[in-house]
Amino acid sequence: MILDGKCPKGPIQTSWDRHRFDMKLVNPANKRKYKILVVGTGLAGGAAAASLGELGYNVEAFCYQDSARRAHSIAAQGGINAAKNYPNDGDSIYRLFYDTIKGGDFRAREADVWRLAQVSNNIIDQCVAQGVPFARDYAGYLDNRSFGGAQVSRTFFARGQTGQQLLLGAYSALSRQVKAGSVKLFARTEMLDLVVVDGEAKGITIRDLVTGEIRTHVGDAVVLATGGYVNVFYLSTNAMGCSVTANWRAVKKGAYFANPCYTQIHPTCIPQTGEHQSKLTLMSESLRNDGRCWAPKKKGDTRAPGEIPEEERDYYLERKYPSFGNLAPRDIASRAAKEQCDDSRGVGPGGRGVYLDFADSIKRLGEDTIRSRYGNLFEMYEKITDENAYKVPMRIYPAPHYSMGGLWVDYNCESNVPGLFVLGEANFSVHGANRLGASALMQGLADGYFVIPYTIANYLAKIKPGSVKADHPECKKSIEDVTGYNNKLLSINGKKTVSEFHRELGKIMWENVGMARSEQSLKEAIKKIPVLREEFWSNVKVTGSGAELNQQLENAGRVADFLEFGELLAKDALHRNESCGGHFRVEHQMPDGEAKRDDENYCYVGAWEFKGVDKEPELHKEPLTFENVHLAVRSYK
Amino acid sequence: MNLTLHVWRQNGAKAPGKLEQYEAKNVSPDQSFLEMLDEVNEQLIKNGKEPIVFDHDCREGICGMCSQVINGVPHGGQERTTVCQLHMRSFSDGDTIYIEPWRALAFPILKDLIVDRSNLEKIMQAGGYTSCHTGGVADGNAILVPQPAAEYAMDAAECIGCGACVAACPNGSAMLYTSAKVAQLAVLPQGQAEAAQRVCDMTDAAQAAGFGNCSNHYECQAACPKGVSVKFIAKLNREYQKALFK
Amino acid sequence: MRILTSSVGRKILMSITGQLLIIFVLIHLIGNSTIFFGPNGINAYAKHLHDLPPLVWAFRLFMLAAVSVHICYGVMLTLENKAANPGAYAVKRNLKKSFASENMIWTGVLLAGFIIYHLLQFTVHGTPDIVVGLDAANRVDVFKMVVTSFGHGLISVTYMAAMVMLFLHLSHGIPSFLQTMGWNNEKTIPVYATGGKVISAILMVAYISIPAVILAGLLKL
């Protein structure tokens, strides 16, 4: 099937404005009659719940953490982009749009990206009004920095905790609506099923993580803002609770999963130290503004970094990409680091690491300046590694960080299941095959504050509110299904723990579907995952019962979904017989090792329809057209 | 290294709890404290026992989910460090470690090391925001914010809402948590319009939720993994006095 | 009235009344030190003070009110605080809390007991063995009364012990007052902590010097 993204036609500059006018509105007096269920309270979900509540809708918001403030958006460090052009350095909506399309390696929809660039300015204003303490210059104006490969300074930041501050802003807006009574918050609840009635999303089935109660909440529309899926690699920079579960359960009810193979591997993470490790810690890539990446020229060089003379160091990013140097985009920087390590020139435990050296910057700017810029990151690095990065270079290695793929949505952020809207990292829309730095925060808030309030009205205006009640047969069935599924997990009583399976899956994924993928490695993964899945369902040990706080059961459900989803990810990667952005197929590279796209055959969004476990998923395509940015080879030389 | 753990086990809010002893074997100094517990749990599961439940999520010290009192100090007493960022190299072979949940009237225990912190939410809902509408706000640069004010606000806004301040406070008071938000918004022009109402509403909510009163022990600041200063409590007190005369 | 019921309001009341009491303690010390000038010093001072009965009573009532508020809220807040923290930690290590800050209620209660005893002794003259007479100038002979009383070792030691309580109470009370009034920031926090101890110590030493000097036989009838 050919999917229709429903993008507005005509000049892109006015597309969103025209679309906003064309959409239907819900009468103010009628808004409270509509109930909207928002799953996830990160930047996208929190902003959406707050904004929809403020408009007068009856909102219920759900999160698995004990507070809406703890969603993993909180961990974003670097900043948020906006096309304000405050520094007068040539930025514009068009340039942000252009950079995002190009950065995404021409695999995103133009209209969505334009809208994102357009509303980026509103986001900054909104956050400032909420009391987000953005960095200011001496005169009191908002400060900007250049970030993640952008050649203009368009990134707004709040120390190294921009995500935290933006999330707390959204959380404060949400708290205000909770007090006003327009939003009801359900913390420590996890969505385990989507209730679809007559083809439309009408509710969710959740598990109360404290009491174990499984119940259905019905509404007139469901908004998923449940984040990304890179925990499929087990070790990633995501929080321990991040999972594909909400999305995957929606997929099982008919939603399409788009571009799952687009995963972002972040170049500046702290390398793994051992098997015991449960997660990887990211350090903001703003570090690359002042740090220089290098590896020893000699293979297997075990000398301490200080003993390696300048001429025996390979500043590989500066060598390969003279104009962008250490600021090359994430996928390029990550792959370059992997190449050094694959070439036996890696450093640290297991040789999986490269140096990020601040010695030159400290010499040039002084330690105090570096401390004022990155003090908290150096502190964090020291806590984890016990090394002082002012004295010895940091060791970094790439780690799974973000997923550009997600549920397929049209221009209205509505999935192929009517009434099911998907926002933020959970959808696939704007980042194409690779996300630029400081764009995730922008997208989450854009979707939540400035897109969904308009587009959901267009849907709601067409339906009758409250048509499905909690005693609907579909709700009962959903509760039975979820209960049965959980009981099955509890009854296996095998020998291996949930974490062991997750680790094994992660290993398969990282080795075969990680930074560099080949037909052979992907086929290997597609062969191994179902075997592991089968073992999981016959040999997993989940202690306790379903009627209590049971973290093993929660994790078991999430890992079970990863075991199905991982296979789809590998299949998508295998089918996409080209390299683009975060998806790198070793068969498709330029002579110098750059990603080689195949625009003739793969310039489309690949959205997968679930047909059942162990059955072949069906691919649906949405062709991508580029009218405003010409398809070109992405070059950062 | 090998360690002896005494961990608080409590099966539900109403059930009685007690400390139980476990052995953590072959712990690597590079492990984080939670990874050490993960391994203890793996062993418990394999032996058919109930694993220890504890709150955790981001494991990089920012989400505020982790909440354990280690050897009598919330987050273990290493300066500016959450439990998840505490590494085993700060312990030595043969150590005995006591692990307990946050304890305060306003934080009922749900299970083992997990407590219910929804009372902190009530404080925030009482006024921890500016009442701006989505859209319809001024340009970000329309109102200048002096750099010192922005820095001061950011210092306060570092709070991760973990509740260590309450757990450490001999009075079970949430004044540091409350003051961080009050101070952040009181120093920014965007928050000043509602400052008087906010400080009254938030402190009332804290009182109503069963948190104690501040009596200036300053245990909160010492336990805070983000080093939020009690100077913000002084700021809250100032704001409160201003509100009294409004 | 918000100030009477709210958490911060009551704390402010505690702090203001506490400060009034500190001011009183200072003035009282200056007055008492007239004892070092002999009978003519302190007896004249006492006479001046009591020459205006309405003023004396107004002042006494005012102080009584301040003390009452301070004690009532002190007890109330302490009970609330105890309730808010069930104190069920098997192991609790405090990083900052001091003996003084922890025991405000007990040093406070002991001081309250001492004040009653002190008033009973030197104001009401209700304690046994109290020597009350008139001096040569027909004034109440406070000097004789004090010197004979402090000549008893037990009484002197009681007074000295009470002043140690005062030191503990004020060493936390003074910085607390400044914090509660909001006159505090990052730089002043440690200054106040030290300042509070120094001032309290000076007050303690100065007060103790009176019974000590008498007990040592340096100040005689």
Per the Cauchy relation, a quarter of the hull surface: what is the mean projected area of the convex hull of the alpha carbons in region A:310-370, in nm²?
5.2 nm²
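Report, in debye and to the nearest 20, how large the dipole of region A:277-419 comes out about its Cα centre when Lys and Arg carry +1 and Asp and Glu carry -1 on their Cβ. Write down the numbers at each step before the final one.
Working: 22 positive and 23 negative charges, 49 e Å.
In total the dipole reaches around 240 debye.
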Pop a pseudo-label 7 angstrom from the Cα along the beta-carbon direction at both A:Tyr141 and A:Ala180 and give the gap in nm to one decimal.
3.3 nm
What are the residues whose amide H is under 5 Å from the amide H of A:Tyr604, where those residues sit 5 or more places off or on another chain and H is modelled from the backbone?
A:Leu624
Over chain A, volume per residue of the alpha carbon convex hull, in Å³
148 Å³
Cα-derived Rg to Rh of the protein assembly as shown, Kirkwood definition
1.05
Sorting C:His50, A:His401, B:His87 on the 10 Å Cβ count, fewest up front, what's the list?
C:His50, B:His87, A:His401
Under 5 Å between amide H atoms, partner at least 5 residues away or on a different chain: which partners does A:Cys269 have, H built in plane at 1.01 Å?
A:Met283, A:Tyr397, A:Ala399
Once Lys and Arg get +1 and Asp and Glu get -1 on their Cβ, which of A:Asn326, C:Leu215, A:Asn122 lies farthest toward the positive end of the dipole of the protein assembly as shown?
C:Leu215
Which angle from 0 to 90°, rounded to the nearest 10, does the C-alpha axis of helix A:162-180 make with the longest principal axis of chain A?
20 degrees
Collect residues whose amide H, placed 1.01 Å from N in the peptide plane, falls under 5 Å from the amide H of A:Arg313; neighbours closer than 5 in sequence don't count.
A:Lys297
Would you please state the base-10 log of I(q)/I(0) at q = 0.12 1/Å for chain B, with intensities from the Debye formula using one equal scatterer on every alpha carbon?
-0.72
On alpha carbon coordinates alone, what is the Rg over Rh value for region A:387-457, Rh being the Kirkwood radius?
1.20
So what's the back-of-envelope 222 nm ellipticity for chain A, counting only DSSP H runs of four-plus at -39500 (n - 2.57) apiece and dividing by all residues, rounded to 500?
-11500 deg cm²/dmol
Could you state the angle between the C-alpha long axis of helix A:43-55 and the longest principal axis of the C-alpha atoms of chain A, as a value from 0 to 90 degrees rounded to the nearest 10?
40 degrees
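Charges at C-beta only: +1 for Lys and Arg, -1 for Asp and Glu. How large is the resulting dipole of the protein assembly as shown about its Cα centre, in Debye rounded to 20? Numbers along the way, then the final one.
On the way: 117 positive and 112 negative charges, 432 e Å.
Dipole magnitude for the protein assembly as shown comes out near 2080 debye.
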Using the Karplus curve 6.51 cos²θ - 1.76 cosθ + 1.60 with θ = phi - 60°, work out ³J(HN,Hα) for each residue of region B:7-13 in order, rounded to whole Hz, and write x for Gly and Pro.
10, 6, 10, 8, 8, x, 4
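Divide, for region A:474-603, the radius of gyration over alpha carbons by 2.2 N^0.38 Å, where N is the residue count. Walk me through the intermediate numbers first.
Values: Rg = 18.4 Å, N = 130, 2.2 N^0.38 = 14.0 Å.
In units of the globular-protein estimate, region A:474-603 measures up at 1.32.
Which whole number gives the average count of other chain Cβ atoms within 10 Å of the Cβ atoms across peptide A:535-544? Kindly include the intermediate steps, with their values, before the conclusion.
Numbers: counts 0, 0, 0, 0, 0, 0, 3, 1, 9, 5.
The shielding value for this peptide is 2.
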Treat the count of other C-beta atoms within 10 Å as a stand-in for reagent exposure and order A:Glu622, A:Glu609 from fewest to most.
A:Glu609, A:Glu622
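Given axes a ≥ b ≥ c from the Cα gyration tensor, I'd like to know whether region A:266-397 is rounded (a/c under 1.5), prolate (a/b larger than b/c) or oblate. Spell out each step's value before the answer.
Numbers: a/c = 1.28, a/b = 1.06, b/c = 1.21.
Because its axes are fairly even, with a/c under 1.5, region A:266-397 counts as rounded.
May I ask you to give the average projected area over all directions of the convex hull of the Cα atoms of chain C, in nm² rounded to one decimal? List each step's numbers first, then the result.
On the way: hull surface 60.0 nm².
Average of the hull's projected areas for chain C equals 15.0 nm².
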What do you get for the angle between helix B:175-187 and the principal long axis of chain B? Use alpha-carbon atoms, 0 to 90 degrees, nearest ten.
30 degrees
Which is farthest toward the positive dipole end of the protein assembly as shown among C:Ile174, A:Gly219, A:Asn550, measuring Cα position about the Cα centre, with Cβ charges +1 (Lys, Arg) and -1 (Asp, Glu)?
C:Ile174
Residue order, fewest to most surrounding Cβ atoms within 10 angstrom, among A:His472, C:His152
C:His152, A:His472
Counting other Cβ atoms within 10 Å, keep those with at most 13, restrict to DSSP loop, and tell me which GluC sites (Glu not before Pro) in region A:548-605 are left.
A:Glu587
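Using the Cα centre of region A:474-603 as the reference point, and only Cβ charges (+1 on K/R, -1 on D/E), how large is the resulting charge dipole? Debye, rounded to the nearest 20.
Numbers: 19 positive and 23 negative charges, 108 e Å.
That gives region A:474-603 a dipole magnitude of about 520 debye.
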Among all lysine pairs in region A:474-603 that are eight or more places apart or on different chains, how many have alpha carbons less than 24 angstrom apart?
25
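No value in this document is a laboratory result; all are computed from the given coordinates. In this text, all values refer to a predicted model and were calculated from it rather than measured experimentally. Here the Cβ is made from the backbone with ideal geometry for all residues, glycine too, and neighbour counts use every protein chain on show.
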